[in-house]
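Inspection log for the structure reproduced underneath, given as structure tokens.
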Amino acid sequence: QVQLVESGGGLVQPGGSLRLSCAASGVTFNRYAMGWFRQVRGTEREFVAAIAWSGGTTIYADSVKGRFTVSRDNARKTVYLQMNLLKPEDTAVYHCAASPSGIARTPNEFSYWGQGTQVTVSS
């Protein structure tokens, strides 16, 4: 079975940085585009960033452009989300997801999901 496990979340002050990791198992990792989504309790899941299977193409939500960077290491079967200049509105549970159909920004294109890691941005 496909499993995705996020790590790296925590509490950070506004303007600070965090790097999230998503480790994959049970998949041919380099055949999947990978995405990051976030969700605040009581709201719908929001697209954050995604990266193609080759790592050569990335897409971002307007709200995080210039602050977040998504990357992947296919040899380690891991995708990363580097988050800089964090804002309180970035507070959410962050989930990674795998898409067998290519890079996308809609949740229905992603077949496999991790359990999430909490990011809290607060003074």
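The values are calculated or read from the model by the stated rules, or taken from the named source; none is laboratory data. In this text, all values refer to a predicted model and were calculated from it rather than measured experimentally. Quick reminder, even Gly has a Cβ in these numbers, built from the backbone with ideal geometry, and neighbours come from all protein chains shown. In case anyone asks, the SASA skips ligands and DNA or RNA and just uses the protein heavy atoms, side chains included. Shrake-Rupley method; radii C 1.70, N 1.55, O 1.52, S 1.80 Å.
Note on the range 108-123: residues that are open to solvent by 40 Å² or more (accessible area, probe 1.4 Å) and either among the β-branched types (Val, Ile, Thr) or on the phi > 0 side of the Ramachandran plot (or both) amount to 1. Checking Leu4, Leu85, Leu20 one by one, the residue that is open to solvent by 60 Å² or more (accessible area, probe 1.4 Å) and of a type in the set (A, V, I, L, M) is Leu85 and no other.
Per-residue answers, yes or no, for (1) touching a residue at least 12 places away in the same chain (Cβ under 8 Å); (2) of a type in the set (Gly, Ala, Ser); (3) farther than 17 Å from Arg19 by Cα:
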| site | (1), (2), (3) |
| --- | --- |
| Glu44 | no, no, yes |
| Trp53 | yes, no, yes |
| Tyr60 | yes, no, no |
| Leu85 | yes, no, no |
| Asp90 | yes, no, no |
| Ala104 | yes, yes, yes |
| Asn108 | no, no, yes |
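Within the range 95-105, if we keep just the residues that are out of contact with any Leu (no Cβ under 6 Å at 6 or more places or on another chain) and open to solvent by less than 60 Å² (accessible area, probe 1.4 Å), the residue that is modelled with the lowest pLDDT turns out to be Gly102.
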